[in-house]
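**Q** A single structure is presented below for examination.
No lab work stands behind these numbers, since they all come straight from the coordinates. If you're wondering where the values come from, they're calculated on a predicted model, not measured in any experiment. FYI the Cβ positions are ideal-geometry reconstructions off the backbone, even for glycines, and counts take in every protein chain you see.
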Amino acid sequence: MLHQLKKISDYLFEIPKSYKPGMRVPARIYAGEDLMDGMDSAVFEQLSNVAMLPGIVKYALCMPDGHSGYGFPIGGVAAIDPETGVISPGGIGFDINCGVRLIATNLVFDEIKNNVKRLVDTMFTRINSGVGKGGILSLTSPALDDAVIGGAEWAVEKGYGTARDLEYIEEKGRMKDADPSAVSPRAKERGRGQAGSLGSGNHYLEIQVVRKENIFDPAAAEKFGIFRDGQVMIMIHTGSRGYGHEIASEYLRRFVTAMQGRYHINLPDRELACAPFNSKDGQDYFKAMNCAINFAFMNRQLIMHAAREVFSDILKKSPDELGMNLVYDVCHNTAKIETHQIDGKKMKLLVHRKGATRSFTAEMKGVPEAYREVGQPVLIGGSMETGSYLMAAAEGSSKTFYSTVHGSGRVMSRSQAKKIFRGIELQKKMMGKGIYVQTSSMSGLAEESGAAYKNVDRVVQCSEAAGLSRPIAKLIPIGNIKG
């Protein structure tokens, strides 16, 4: 496959439409040659299959952090004409609205260095992590339905946060096309006890520090609330838990049967199971998916509120003294209706982003008023050993339906990582680097070794060189809770 790739530039490669019968558009990968060489071959096959989806516009895309996934590669983007095309759960992922939230405090490292262990241990006690664990709230089914209609707004109305928070969440923390009647009793049962929980895998709650030498654009950083050397930040990475996973699983099964039997859609991979967006199946999934998006917004809001309480209790500081203002909350597993310019014409498109972050530039509707000079914040979660990034949208993202990277991206499967690394040894190694880690699973910790991921610095460099987003600051971990 690699010999058939056409090099468009140093950071853009194309799989021609002629590569496979049935491809409706070319497939494009944004990456340097080194990252391209590290991608598993399934990425290219999956992306060329995505290019066969009915209604796909311009290109099937993969971001620099791409690796193989279910149906779509992680880092995959596909924009579909909703009038003629489909919606595919594989293009959103099982963890619907897995996303990242960044909080800026008024604190500096010296003010908390003697309390990092206590802060992490206390948050670990209050905020459950791990497979199947319960959350901060246990909701009745009617209350859960209200929560997934309201999203983060519902949480704020219940006292978990402030109205200011909502201004700094993608979609203001609430998708309007959410309808719990499209969600099964099984999904509701799985979700109602998990509101306010991290889950497992690469999900985390992390205390971070920004050093002066890691601030690359001081003016933009100050706009985003970073104004002190050694400033303490908090990053939350989690999604819609069992609620979203069940929705994805059930609709995938439904679509596998309907795709050929009802809609006569033939694709080479059943993992791309889909339904016409305007069909009842497609609309039911869209409504259910939006419920899961709102669940995740609500989930991260509850976790942030708990973190604020822990910092206040332990450091004996008021909310005003702590700051703890939300910088932004971004999704990276969604499909959303957006308006884009295609060949000079405005089009409404259903943009699937799976392991890819929305990257709206300064002038676009949806960017918080306070950020109109710099553009939307983009949050890039790295490995727990290496650090994460705060970036901002760049103009080149107009070529990717305003999409960019979401993290460092795996280079090693979870099973491979567990064979090579031991959680207890990794925990000790990180302590030696000044990173205190709590986890509910040592084997789960081993899966998340920094060596299992791409070099996050290089992923960010490629994203910047390709014009998709630009780095503002690097965030170094000092304390971490892992599922």
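**Q** For each pair in Lys188/Lys280; Lys176/Lys348; Lys172/Lys348; Lys20/Lys454; Lys433/Lys474; Lys188/Lys348, compute the distance between the two Cα atoms and list the pairs where it is over 24 Å.
**A** Beyond 24 Å: Lys20/Lys454; Lys188/Lys348.
**Q** Estimate the FRET efficiency between Glu369 and Thr84 by the formula 1/(1 + (r/R0)^6), using the beta-carbon distance for r and 45 Å for R0, to the nearest 0.05.
**A** 0.80
**Q** Additional query: Using modelled backbone amide H atoms (1.01 Å from N, in-plane), which distant-in-sequence or interchain residues come within less than 5 Å of Val378's amide H?
**A** Residues meeting the criterion, in which the H sits 1.01 Å from N, are Met391, Ala392, Ala393.
**Q** Okay, next question. Ranked highest first by the average count of other Cβ atoms within 10 Å around their residues, in what order do 222-232, 336-346, 253-263, 71-81 fall?
**A** Details: 222-232: 19.2, 336-346: 11.7, 253-263: 15.9, 71-81: 27.8.
My ranking of the peptides, most packed first, is 71-81, 222-232, 253-263, 336-346.
**Q** Please compute the volume of the convex hull spanned by the alpha-carbon atoms of region 60-131 and report it per residue in Å³.
**A** 182 Å³
**Q** For the modelled label position 7 Å from the Cα of Lys176 along Cα-to-Cβ, which residues of region 297-341 have backbone nitrogen atoms closer than 18 Å?
**A** It comes to 335-340, nothing else.
**Q** Using every pair of alpha-carbon atoms in region 342-447, split the distances into 5 Å bins beginning at 0 and state the percent of pairs per bin, rounded to integers.
**A** 2, 11, 15, 16, 14, 10, 9, 11, 7, 3, 2, 0
**Q** Apply 1/(1 + (r/R0)^6) to the Cβ-Cβ distance of Ala163 and Lys6, taking R0 = 56 Å, and write down the FRET efficiency to the nearest 0.05.
**A** Taking R0 as 56 Å, the efficiency between Ala163 and Lys6 is 0.65.
**Q** Only Lys, Arg, Asp and Glu count, each charged at its Cβ (+1, +1, -1, -1), so figure out the dipole size of the chain about its Cα centre, rounded to 20 debye.
**A** Working: 60 positive and 53 negative charges, 162 e Å.
Charge dipole, the chain, about its Cα centre: 780 debye, nearest 20.
**Q** Looking at (1) 1.00; (2) 1.26; (3) 0.91, which value of Cα Rg over 2.2 N^0.38 Å comes from a calculation on the structure shown?
**A** Checking each listed value against the structure points to (3).
**Q** Using only Cα atoms, locate the centre of region 453-483 and the centre of region 151-185, then give the distance between them in Å, rounded to an integer.
**A** Comparing the Cα centres of region 453-483 and region 151-185, I get a distance of 28 Å.
**Q** Could you tell me what % of all Cα pairs in region 399-454 have separations over 17 Å?
**A** Taking all Cα-Cα pairs of region 399-454, the fraction more than 17 Å apart is 45 percent.
**Q** Once you treat every alpha carbon in region 222-351 as an equal point and sum by Debye, what is log10 I(q)/I(0) at q = 0.09, 0.19 Å⁻¹?
**A** -0.45, -1.11
**Q** With the contact rule set at Cα under 8 Å and sequence spacing of 6 or more, what percent relative contact order holds for region 242-387? Numbers along the way, then the final one.
**A** Numbers: 116 pairs, mean separation 18.3, N = 146.
It rounds to 13 percent for region 242-387.
**Q** Continuing with this model, one more query. Over the Cα atoms of region 1-89, what radius of gyration and what Dmax do you get, in Å?
**A** So, for region 1-89, Rg and Dmax equal 12.1, 39 Å respectively.
**Q** Next question. Does a label point 7 Å from the Cα of Arg228, set along Cα-to-beta-carbon, have any residues of region 384-417 with amide nitrogen under 20 Å, and which are they?
**A** 390
**Q** If one takes the longest principal axis of the Cα atoms in the chain, at what angle in degrees, from 0 to 90 and to the nearest 10, does the Cα axis of helix 456-465 lie?
**A** With both axes taken from Cα atoms, the answer is about 50 degrees.
**Q** Then there is this: Report the local net charge at Cys291: Lys and Arg +1, Asp and Glu -1, summed over other residues whose C-beta lies under 15 Å from its C-beta. Please report the intermediate quantities before stating the final value.
**A** On the way: positive: Arg174, Lys176, Arg186, Lys188, Arg190, Arg192, Arg241, Lys287, Lys336; negative: Asp95, Asp145, Asp146, Glu153, Glu171, Asp177, Asp179, Glu189, Glu246, Glu250, Asp284.
Neighbour charge sum, excluding Cys291 itself: -2.
**Q** Which value in deg cm²/dmol, rounded to the nearest 500, describes the helix-derived mean residue ellipticity at 222 nm for the chain, given -39,500 (n - 2.57) per DSSP H run of n ≥ 4 and division by the residue count?
**A** For the chain, the value works out to -9500 deg cm²/dmol.
**Q** Return the long-range amide H neighbours of Val327 (sequence gap of 5 or more, or a different chain), with a cut-off of under 5 Å between placed amide H atoms.
**A** Result for Val327 returns Leu102, Ile103, Ala104.
**Q** Enumerate the amide H contacts of Arg28 below 5 Å, restricted to partners 5 or more residues apart or on another chain; note that Pro and chain-start residues carry no placed amide H.
**A** Sorted by chain and number, the residues that satisfy this are Ile15, Ala60, Leu61, Cys62.
**Q** If you don't mind, there's one more thing I want to ask. Would you mind computing the Rg to Rh ratio of region 297-388 from its alpha-carbon coordinates, Kirkwood style for Rh? Can you show the working numbers first?
**A** Details: Rg = 17.3 Å, Rh = 16.2 Å.
We get a ratio of 1.07 for region 297-388.
**Q** Continuing with the same structure: Under 10 °C and 1.306 mPa s, how fast does region 75-207 diffuse according to Stokes-Einstein, given a Kirkwood radius computed over C-alpha pairs? Answer in µm²/s, whole number. If you can, show how the numbers build up before the last one.
**A** Details: Rh = 17.5 Å.
Translational D for this selection: 91 µm²/s.
**Q** If you take every DSSP beta bridge whose two residues both sit in the chain, what share of them, in percent to the nearest 5, is antiparallel?
**A** On the way: 69 of 78 bridges.
So the antiparallel bridges in the chain amount to around 90 percent.
**Q** Arranged from highest to lowest average of other beta-carbon atoms within 10 Å per residue, in what order do the peptides 410-419, 187-196 appear?
**A** Highest-to-lowest ranking by the protection proxy: 187-196, 410-419.
**Q** Can you give the Kirkwood hydrodynamic radius of region 279-346 from its Cα pairs, in Å with one decimal?
**A** For region 279-346, inverting the mean 1/r across all distinct Cα pairs yields 15.5 Å.
**Q** Separate question: If you average the sequence gap of Cα pairs under 8 Å that are 6 or more apart and divide by the length of the chain, what percent do you get for the contact order?
**A** Across the chain, relative contact order equals 22 percent.
**Q** Moving on. Over region 379-483, what is the relative contact order in percent, taking alpha-carbon pairs closer than 8 angstrom and at least six residues apart?
**A** Relative CO of region 379-483 lands at 45 percent.
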